[in-house]
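The next block holds one structure in the form of structure tokens; read it before the comments.
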Amino acid sequence: MAIQISSDGCTFTLQTEKSSYQMMADAHDVLLHLYYGRKIAAENLEERIFRSDVGFAGNPPEAGEDRTYSLDVLPQELPGSGVGDYREDMVRLYHADGSCAADFRFESYEVQEGAYRIPGLPAAYDTGEEKGETLVITMRETASAVKVKLYYGVFEKENVITRTVCIENQGKEAVILDKALSCNVDFLFGNWDLIYFEGRHVMERIPERVPVRHAKVEIGSIRGTSSHQYNPAMILCDPAATEDFGSCYGFCFAYSGNFVAGAQKDQIGLTRVQMGIHPVQFRYTLAAGEAFFAPQVLMSYSSEGFTGLTHQYHDLIREHICRGAYKHAKRPVLINNWEATYFDFDKEKIVKIAQQAHELGIEMLVLDDGWFGKRDSDNSGLGDWYTNEKKMDGTMGELGDEIHALGMKFGLWFEPEMINEDSDLYRAHPDWALRIPGREPNRGRDQLVLDMSRSEVREYLYERISSILNEAKIDYVKWDMNRSVCDLFGHELPPERMGELYHRFVLGVYELKERLLAHFPQLLLEGCSGGGGRFDAGMLYYAPQIWCSDNTDAINRLTIQYGTSFFYPAGTMGAHVSAVPNHQTGRVTPFTTRGHVALSGTFGYELDLNLVSAEEKQMVKEQLAEFDRYYELTHEGDYYRLAKPGEALMAWGFVAKDQSRAMVTVVSTDVEGNPLAQHVSVKGLAEGRNYRCSYNGIVHDGSVWNNCGLTLKKVLKEYESLLIEWTEV
Ligand code: DGJ
């Protein structure tokens, strides 16, 4: 049983294969958090709580004269607001009389078979035989008719516990929801580090590790998207934890909008960890009878360091988050024209690019930005999703036929959520763009943002997109989003509901994607937001791959893909071979290295292959063969980080689930005169089984490779790379 409940119905222990999570409703019905960590027997752990009067820690009325009982120091599952816990609250309510108070007490529980779903939002789902289990705990607010349902989904094999909350107003008067986080975990003891992933456009998801002390460590986004600046995922870990050893806890938000996540030690040394929708610009009116569902947090614990945690997330995301025809199906190798042409193309150029790519074995042409409306630069045309038949010398249907006749799949770029003021759509519906009456709107890339919360906006987009998908039999859509969102004003919303718009925007985006996918079940969606500005588990529920970054420089990609790998599988990362000098950095790297780096992603090309040498064309064929050869490893295998960015020899690898094969990629990022030996770590091979290494033909037991690694016979030159395979013999 994944969910174990004590006979008095007060203690709840959630068990995965390797972790346990325990909470308990105490004598005053406060839901205490007692344990999260390595698997233990389901015994009551209330004695872990040390009680003393710490001073200036008030006591709830039920405590009577017991000054040691205080919400201000207790570890809780649902910390309320304004009633004596002075730490960060999780759910904040304003009542009809203007008071701000929320005091939650245990009321009842229910166990449900299978994973829970969240209306309109992504959630980890059951597959076939593998069913999660759900515990729903209902908490009552002591002085109002608000109920909060705490959802816990247990995925035993993946060692994942999912969390969300649903806040229901069962009263007769409206209540304002001012803050509604999705999870709170109070770690009673221990010193911790927090690892989060910061970045910027073209340089996303760089890990930063800081100690958690008494000042709050917090990341977040109020950009309307999960953002390039901070990814909505973080790791709380033992300060001594490494890739291979130590306790670590992952928190990963399955949501693509504003978020906050952080950790802070309190006065008694307890560490409170939280994640959820950012409370800035969030204010939800819960009218009588209304309910609000928060997005899902995916929590996972590993006692085996970051690598163990990564494997758990990769398995969960591949199996229980990604959906659709391409969940496990082989993704087509694509050629994208963006860096080859930017806006400067016509049909002839595109067909030539496709023909050459096809000759070399590439499977899909992706026509990027610029095929619609008046769109010869990024200043106009967004919203006018009608083929520019002059530029394309005919209809999209005709181009689609030509590409399909080559035997290639055909993909198309859209940026549905955006509108240029210089567009027919804007001229017809200026009020569809987000802007506050009486204020000049902020422009990002010279564009405004459509109000995706409005049904007629979504209806227009659905009609336009689906008609083009039908006409040209589109196989793939790259769904881009190229600015942050501000100037929020919903023309249809009453003033008191303006604080709902950021969230309603995300719900609108999800709804449109869901509708398109339901109608075009074979469609492959690739997410994108100026590269990796919306790379999150929420988006992966709709798009099983996301363009990882607008930075295609193979050396910068080592850092970006390294950071991305902590939570997200390689098969979700869009990665292409592009031209040199690289358009973002000016760096020149060998064609082979660019291929090796992109092979650890969804793989494709983003250059005009008519312009490369005969030797490079030959390399394309070899890379495609390598893509096939290693696909099972890169897309379904276990991922190992074998070096860190900044090391002169970067390395990472994949091991097949049955441990019969492995591959390791190494890239030299720096060289010195009179070079020292270059040594590569190897991990994950089975002890007691023999493996031959493709680099030197030597056979060793897995234990030897795992502990001794591989010394290169010849030192690699700057930016040179190797792809090495281990096969069981
Ligand atoms: C940003 C994307 O990340 C690029 O790949 C490209 O599609 C451009 N937008 C097109 O405007």
In the set GLY508, GLY531, the lone residue that is within 23 Å of ILE419 (Cβ to Cβ) and either of a type in the set (A, V, I, L, M) or within 16 Å of the ligand (Cβ to nearest atom) (or both) is GLY531
Condition first: farther than 18 Å from LYS644 by Cα and in contact with a strand residue (DSSP E or B) (Cβ under 7 Å, 6 or more places away or on another chain). Now tell me which residues in the stretch 658-678 satisfy that. SER660, ARG661, ALA662
Restricting the stretch 599-631 to residues that are among the aromatic types (Phe, Trp, Tyr) and more than 16 Å from the ligand (Cβ to nearest atom), the residue that is surrounded by the fewest Cβ atoms within 10 Å (Cβ to Cβ): TYR631
Test result for ASN191, under 30 Å from GLN22 (Cβ atoms) and crowded, with 18+ Cβ neighbours inside 10 Å: no
For residues in the stretch 129-142 being part of a loop (DSSP other than H, G, I, E, B) and in contact with a strand residue (DSSP E or B) (Cβ under 9 Å, 6 or more places away or on another chain), which is surrounded by the fewest Cβ atoms within 10 Å (Cβ to Cβ)? LYS131
Test: residue in the stretch 117-128 that is among the polar types (S, T, N, Q), part of a strand (DSSP E or B) and within 24 Å of the chain's Cα centre (by Cα): yes
Could we say that LYS621 is modelled with pLDDT of 95 or more and over 25 Å from ILE560 (Cα atoms) here? yes
Can you say whether ALA174 is among the aliphatic types (A, V, I, L, M) and within 28 Å of LEU34 (Cβ to Cβ), as far as the supplied structure shows? no
Going through the stretch 108-123 one residue at a time, which ones are within 16 Å of ILE3 (Cβ to Cβ) and small (Gly, Ala, Ser)? SER108, GLY114, ALA115
When you go through (1) more than 30 Å from LEU434 (Cβ to Cβ); (2) in contact (Cβ under 8 Å) with a residue 24 or more places away in the chain; (3) of a type in the set (A, V, I, L, M) one by one for ALA180, which number turns out not to apply? (1)
Restricting to the stretch 532-578, count the residues that are in contact with a Pro (Cβ under 8 Å, 6 or more places away or on another chain) and within 14 Å of VAL202 (Cβ to Cβ). 2
Just one of (1) out of contact with any Gly (no Cβ under 6 Å at 6 or more places or on another chain); (2) outside any strand (DSSP E or B); (3) buried (at least 21 other Cβ atoms within 10 Å of the Cβ); (4) not acidic (Asp, Glu) trips up VAL449, so point out which. (2)
Just for the stretch 178-198: of the residues that are of a type outside the set (Phe, Trp, Tyr) and farther than 16 Å from VAL260 by Cα, which one is nearest to the chain's Cα centre (by Cα)? ASP193
Members of the stretch 412-432 that are more than 16 Å from the ligand (Cβ to nearest atom) and either touching an Asp or Glu at 6+ places or on another chain (Cβ under 7 Å) or of a type in the set (Lys, Arg) (or both): ASP424, LEU425, ARG427, TRP432
Being more than 21 Å from THR271 (Cβ to Cβ) and over 40 Å from the mean Cα position of the chain (by Cα), is that true of even one residue in the stretch 27-43? no
Looking at the stretch 471-484, which of its residues are within 16 Å of the ligand (Cβ to nearest atom) and in a loop (DSSP other than H, G, I, E, B)? ILE474, ASP480, MET481, ASN482, ARG483, SER484
Just to be sure, is HIS519 modelled with pLDDT under 95 and not hydroxyl-bearing (Ser, Thr, Tyr)? no
Within the stretch 404-411, is there a residue that is buried (at least 18 other Cβ atoms within 10 Å of the Cβ) and either within 14 Å of the ligand (Cβ to nearest atom) or closer than 22 Å to ASP446 by Cβ (or both)? yes
Where a residue in the stretch 597-608 is under 16 Å from LYS478 (Cβ atoms) and its partner, wherever it lies, is part of a loop (DSSP other than H, G, I, E, B) and among the β-branched types (Val, Ile, Thr), with Cβ under 8 Å and at least six apart: PHE603/VAL333; GLY604/VAL333; GLY604/ILE362; TYR605/VAL333; TYR605/ILE362; GLU606/THR552
Among the residues of the stretch 161-175, is any more than 27 Å from PRO645 (Cβ to Cβ), surrounded by fewer than 18 Cβ atoms within 10 Å (Cβ to Cβ) and aliphatic (A, V, I, L, M)? yes
Would you list the strands (runs of 3 or more DSSP E) that sit entirely within the stretch 632-729 and hold 2 or more residues that are touching a helix residue (DSSP H, G or I) at 6+ places or on another chain (Cβ under 7 Å) and buried (at least 17 other Cβ atoms within 10 Å of the Cβ)? 638-641, 649-655, 661-668, 721-728
Give the number of residues within the stretch 644-685 that are of a type outside the set (S, T, N, Q) and without any contact (Cβ under 8 Å) to a residue 40 or more places away in the chain. 14
Hey, can you tell me all the residues within the stretch 536-576 that are within 11 Å of the ligand (Cβ to nearest atom), surrounded by 24 or more Cβ atoms within 10 Å (Cβ to Cβ) and either within 10 Å of the chain's Cα centre (by Cα) or in a loop (DSSP other than H, G, I, E, B) (or both)? ILE546, CYS548, SER549, THR552
Note: among GLY289, GLY262, just one is outside any loop (DSSP other than H, G, I, E, B) and over 26 Å from GLY571 (Cα atoms), namely GLY262
Surrounded by fewer than 21 Cβ atoms within 10 Å (Cβ to Cβ), modelled with pLDDT under 95 and touching a helix residue (DSSP H, G or I) at 6+ places or on another chain (Cβ under 8 Å): does that describe GLY490? yes
Condition test on GLU496, is it surrounded by fewer than 19 Cβ atoms within 10 Å (Cβ to Cβ), away from the ligand (no atom under 16 Å from the Cβ), touching a residue at least 12 places away in the same chain (Cβ under 8 Å) and within 22 Å of the chain's Cα centre (by Cα)? no
Restricting to the stretch 502-532, what's the tally of residues that are of a type outside the set (S, T, N, Q), out of contact with any helix residue (DSSP H, G or I) (no Cβ under 8 Å at 6 or more places or on another chain) and more than 17 Å from SER226 (Cβ to Cβ)? 5
For the stretch 515-535, give me each residue that is assigned to a helix (DSSP H, G or I) and in contact (Cβ under 8 Å) with a residue 40 or more places away in the chain. ARG515, LEU516, LEU517, HIS519
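The values are calculated or read from the model by the stated rules, or taken from the named source; none is laboratory data. Just so we're clear, the structure is a prediction, and the values are computed from it rather than from any experiment. Virtual Cβ from ideal backbone geometry, glycine too; neighbours counted across all protein chains shown.
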